[in-house]
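The values are calculated or read from the model by the stated rules, or taken from the named source; none is laboratory data. Quick caveat, the model's predicted, so the values are computed rather than measured. As a convention, Cβ positions derive from the backbone with ideal geometry for all residues, glycine included, and neighbour counts pool all protein chains shown. Protein only, heavy atoms only, side chains kept; ligands, DNA and RNA dropped before computing areas. Shrake-Rupley method; radii C 1.70, N 1.55, O 1.52, S 1.80 Å.
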Amino acid sequence: MANRFGNLHIDPVQSANGHESDSSDSSHDSEMDDDDDCSSESSNSSHGEEEDESESEEEVEEEPESDEEQEVRPPLSPTSAANRSLNILRKRVKASKKSMPPKQVQRIQEEERQKQQVAEIQSKQEKEPHHHAKESEKEAVVLLADQSSEVKRANFAVRTLWTLIMIGGFFACFAAGPLFVILLVVLVQGLVYKEVIYLANVPSREKKLPWSRTTNWYFLFSTNYFFYGESLIHYFQHVVFVDAFLLPLATHHRFISFTLYVIGFVFFVANLKKGHYRFQFSQFAWTHMTLLLVVCQSHFIINNIFEGLIWFFLPASLVITNDIWAYIFGFFFGKTPLIKLSPKKTVEGFVGGWIMTIVFGMLFATLFLQFPYMICPVKDLRASAFSGLTCDPNPVFVPVKHYLTPWMASLARHLGMRNNFVMIAPLQWHVIIMACFASLIAPFGGFFASGFKRAFKIKDFGHSIPGHGGITDRMDCQFLMGLFSYMYYQSFIRSSTLSVGSVLQTAIYNLNGPQQMELFDHMR
């Protein structure tokens, strides 16, 4: 018996193949073939000399099945045949345990476990094609142009309604004054931060980590204090440097901001919990990444507001225009997918949105030039669209005479124009570049957000806006566009002029008390 079971080195796949091949040549019944194949496949290949001894031993056979059961039984797959051979091996081991040495029993049990693992791997491999097929069915994307007419009408109606609501609220805040526009930006920033941080807070609640949400919101507060303080000090120097209460806060603003951050840092380190270090540090990195991508960029958007409402309204309207026209062109003509990260975006919508954004950008620029409320820098947060603001306009807003070439002048006369020149403000040239960025580059902020959502297997960041998803789904392109507008304005448009605030700041920072009094006497 020891030699008999010592030869049972059965490979599940070989056993299955041997079962199928030998059953056609054997003259015995199917049940005896199964038993003989399980032993003869391995013994013939590696233990030919011991075959005679194994045949002389008493075999443990299964109860023969009836002819009806054999006819009904379906053909065995490689995995089921392997499992069948393992069952036979278990029965033989069980029947001969008493007469076998303990070491040999242990060796056979180990071989049995290995064969069971092989059978499980084969079973998983058989199920994998079905699993991948299901995933491909789930990931099947229907383009807007290929949807049924009822679904298209319903989606179009919901999306259009809430687009109009958002545009109406945007114009209401805009007319109310720069203070309300700034509050709108801060509100949107907080909602976006909440939606992004929520993805990280879910596992924190599951792990029951203390003060996780509190730490996130504290870092948001300290970061906002630094960035918005910098903006207020820079654009309202004539106020903060002559106020007894605001002067020390403005003078030591950066040190105060650093102290606030260090407090949050120490608080985070003090709440590190054993067994969760890696997770907590990943949360720390997650929070700072969100602050960089959301809070830092919204800070530049608010700086655009202080430079003049047009530098906030024009970039935002270009992104909204591109989004609307890209949706319309993709809705009616979209057939060619643009990028895998956002499978419903089409080449037709991308190109159509680009062309229409340039056209509407030129119209917006021409219209906004007529209103001082749009082009004047913000000096009073209490101002509104009905305050009657006036200022010396930036040269970029002043139309310049451009003479037409002879053939263009001839074409203009055929179109009814009498002059051989046109008046074009430099802003109208700049808006073409901004429209191209809003159409060709800013959408990649949306693609970035799409990849982000795919990484976390979510469709939208939230459901606060029907037909649009969450706030983040609408603002993903606006942050990148706002940052570009600030950099472009500071590099190519801003005129460097000396202001009263900058003179006061220089006097306070660089002159001592007697020197300041001397300057005051001279000015008086």
Sort the range 371-524 into rounded, prolate or oblate with this rule: let a ≥ b ≥ c be the square roots of the eigenvalues of the Cα gyration tensor; rounded if a/c is under 1.5, and if a/c is not under 1.5, prolate when a/b is larger than b/c, oblate otherwise. oblate
Could you let me know the centre-to-centre spacing of the range 282-330 and the range 175-238, using Cα atoms, in angstrom? 14
Roughly how many nanometres apart are two label points built 7 Å out from the Cα toward the Cβ at residue 267 and residue 422? 5.7
What FRET efficiency comes out for the pair residue 521/residue 160, r = Cβ-Cβ distance, R0 = 51 Å, nearest 0.05? 0.20
Within a Cβ distance under 14 Å of residue 426, other residues only, what is the Lys/Arg minus Asp/Glu net charge? +2
Plugging the Cβ-Cβ distance of residue 282 and residue 214 into 1/(1 + (r/R0)^6) at R0 = 22 Å yields, to the nearest 0.05, a FRET efficiency of 0.80
Which of the three applies to the range 276-345, rounded, prolate or oblate, going by the alpha-carbon gyration tensor with a ≥ b ≥ c and a/c under 1.5 meaning rounded? oblate
Counting only C-alpha contacts under 8 Å and six or more residues apart, can you give the relative contact order of the range 247-404 as a whole percent? 18
For the range 156-262, what does the accessible surface come to per residue with a 1.4 Å probe? Please give it in Å². 54
Can you work out ³J(HN,Hα) from phi for every residue in the range 362-373, in order, using Karplus 6.51 cos²θ - 1.76 cosθ + 1.60 and θ = phi - 60°, giving whole Hz and x for Gly and Pro? 4, 5, 4, 4, 4, 6, 5, 4, 7, 10, x, 4
Between residue 491 and residue 355, with labels modelled 7 Å along Cα→Cβ, what's the label distance in nm to one decimal, could you check? 2.9
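Round to a whole number: what % of the accessible area of the range 394-497 belongs to carbon and sulfur, probe 1.4 Å? It would help to have the intermediate numbers written out before the result.
Values: 3780 of 5820 Å².
It is 65 percent, rounded to a whole number.
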Length gained, residue 371-residue 116, 0.36 nm per residue minus C-alpha separation, equals 83.8 nm
Need one word for the range 154-302: rounded, prolate or oblate. Basis is the Cα gyration tensor (sqrt eigenvalues a ≥ b ≥ c); a/c below 1.5 gives rounded, then a/b vs b/c decides. oblate
Of 274/453; 194/453; 335/453; 207/340; 207/344; 194/459, pairs whose Cα-Cα distance is over 27 Å: 274/453; 207/340; 207/344
